[in-house]
Amino acid sequence: MAATYVPALFMSNFIYNDGIATALLTSALYFGVRFIRRRSMKDMLFAAVLLTLGNYFRSIGMIFLIAIVLSLLLNLRAIGVKKVIAAFGITLLLWVLPAWIQNTALQATGIVDESPSGNSAPVYMWLNMGINLETLGFWDDRESYNIYQQEAGYNKAESVELFKASIRSKLSGATLTELAGMYYKKLVWTWTEGTYQIERYGIGNEGAASIGGRGGMVMGHYSYSTAASRLFEGASMYRSGLLWALYVQNFLMYVFILIRLIRGLRAKRYAETPLLLVILGFIGFYLLWEIKSRYLYPVYPLLLVLSYLGVQDVYVLLTGTRRSNHAD
């Protein structure tokens with residue numbers, strides 16, 4: 001299902017390390033679950049290495065790390081305290097290794113004279129960007145970046161204070177109703193957009209380039225035209241047909257996931273807890289962060305797995321047949 005998932009096929013032209021990070025982080029979660037069940041330190045070592053590499057390619061590994069740590073704690077008695085402590089130690093050691101190696105190598109060769117992260121844009125920039133009544137946190141026409149670039153002159157410490165002041169001003173200047181409405185719309189749009197923003201980034205055209213206030217800065221069209229790209233231009237039936245297929249697929253996916261969750265709660269079945277922890281992490285993180293629905297791509301393999309299990313549940317309900325479920 002993941003190999004033929006339409007957004008993945010059309011989004012490969014947008015280079016954000018999505019495919020690499022998704023493969024590594026999903027595999028890390030897989031080996032984390034294997035460790036919980038088999039209690040083999042080899043599985044935990046694989047999980048830690050994959051988690052570290054995945055986070056290096058895209059810095060959302062913390063969500064998967066927290067999910068794995070919580071899963072280990074929930075299974076502390078079954079795994080054993082010593083093995084859980086060893087698992088934490090291996091994971092944390094490898095977690096900090098890439099940044100340390102990178103910083104050491106760059107400074108040793110004289111490329112930089114301080115840590116590259118010393119004056120990088122702080123996380124507060126994206127948090128500030130995420131609070132926006134007009135765009136719901138979908139970019140802000142460089143307003144936040146200008147604070148870091150122009151007002152703070154790329155000074156990280158100074159920009160942090162400016163961003164904190166901006167966040168306080170936005171929160172105090174809006175009513176509770178306005179903030180609640182913004183976060184509600186932000187949550188709903190992010191998770192129900194349904195196409196991984198293919199229309200903007202995958203099969204985009206000139207008209208898509210001005211969406212979101214960034215103008216021509218966003219690649220809303222192909223660099224050159226081909227016979228394939230021309231099929232999806234304008235309001236062609238290929239374009240609308242693809243988008244409607246994705247809308248339906250996304251809707252059905254959530255329906256089957258809901259069925260799976262309801263039946264799991266009734267049966268007191270918690271095998272999918274690690275998957276759900278990652279999904280809850282993504283929900284919470286992108287409620288606060290700057291958003292695009294394409295940012296959810298790393299969690300789609302887990303959504304696909306849960307929806308497939310929901311299909312199995314529907315099959316059982318319709319046929320009355322009990323099937324062996326290896327995911328349990």
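Listed by first and then second residue, the pairs with beta-carbon distance under 9 Å, at least 6 apart or on different chains, first residue in segment 59-80 and over 13 Å from Ala47 (Cβ atoms), second of a type in the set (S, T, N, Q), are Met62/Asn55; Leu70/Thr273; Leu74/Thr273. For Tyr196, are the conditions met, namely being surrounded by 13 or more Cβ atoms within 10 Å (Cβ to Cβ), in a helix (DSSP H, G or I) and touching a residue at least 60 places away in the same chain (Cβ under 8 Å)? Answer is no for this residue.
Considering only segment 253-265, I want to know if a residue exists there that is among the small types (Gly, Ala, Ser) and under 23 Å from Ile60 (Cβ atoms). Checked against the condition, which is being among the small types (Gly, Ala, Ser) and under 23 Å from Ile60 (Cβ atoms), segment 253-265 yields no hits at all. Could you tell me whether segment 178-189 includes any residue that is at pLDDT 90 or above, over 18 Å from the mean Cα position of the chain (by Cα) and among the acidic types (Asp, Glu)? Checked against the condition, which is being at pLDDT 90 or above, over 18 Å from the mean Cα position of the chain (by Cα) and among the acidic types (Asp, Glu), segment 178-189 yields at least one hit. Picking from residues in segment 63-86 that are under 24 Å from the mean Cα position of the chain (by Cα) and farther than 22 Å from Pro298 by Cα, the one that is most open to solvent (accessible area, probe 1.4 Å) is Leu74. Residues that are without any contact (Cβ under 8 Å) to a residue 40 or more places away in the chain and more than 17 Å from Ile85 (Cβ to Cβ) were ranked within segment 31-41; the one that is surrounded by the most Cβ atoms within 10 Å (Cβ to Cβ) is Phe31. Scanning segment 153-166 for any residue that is within 17 Å of Ile291 (Cβ to Cβ) and surrounded by 12 or more Cβ atoms within 10 Å (Cβ to Cβ) turns up nothing. Selection over segment 89-109 of residues that are modelled with pLDDT of 90 or more and either over 26 Å from the mean Cα position of the chain (by Cα) or farther than 16 Å from Leu50 by Cβ (or both) gives a count of 1.
Kindly establish whether Leu133 is at pLDDT below 95 and closer than 30 Å to Asn250 by Cβ. Yes, satisfied. Total residues in segment 255-294 satisfying the condition of being of a type in the set (Lys, Arg), in contact with a helix residue (DSSP H, G or I) (Cβ under 8 Å, 6 or more places away or on another chain) and over 21 Å from Ala21 (Cα atoms): the figure is 3.
Of the listed requirements (1) modelled with pLDDT of 85 or more; (2) outside any helix (DSSP H, G or I), Gly220 misses just one: (1).
The values are calculated or read from the model by the stated rules, or taken from the named source; none is laboratory data. All values derive from a computational prediction rather than experimental measurement. With ideal geometry, Cβ positions are generated from the backbone for all residues, glycine too; neighbour counts draw on all protein chains shown. Just so you know, the surface numbers come from the protein's heavy atoms only, side chains and all, with ligands and any DNA or RNA stripped out. Shrake-Rupley method; radii C 1.70, N 1.55, O 1.52, S 1.80 Å.
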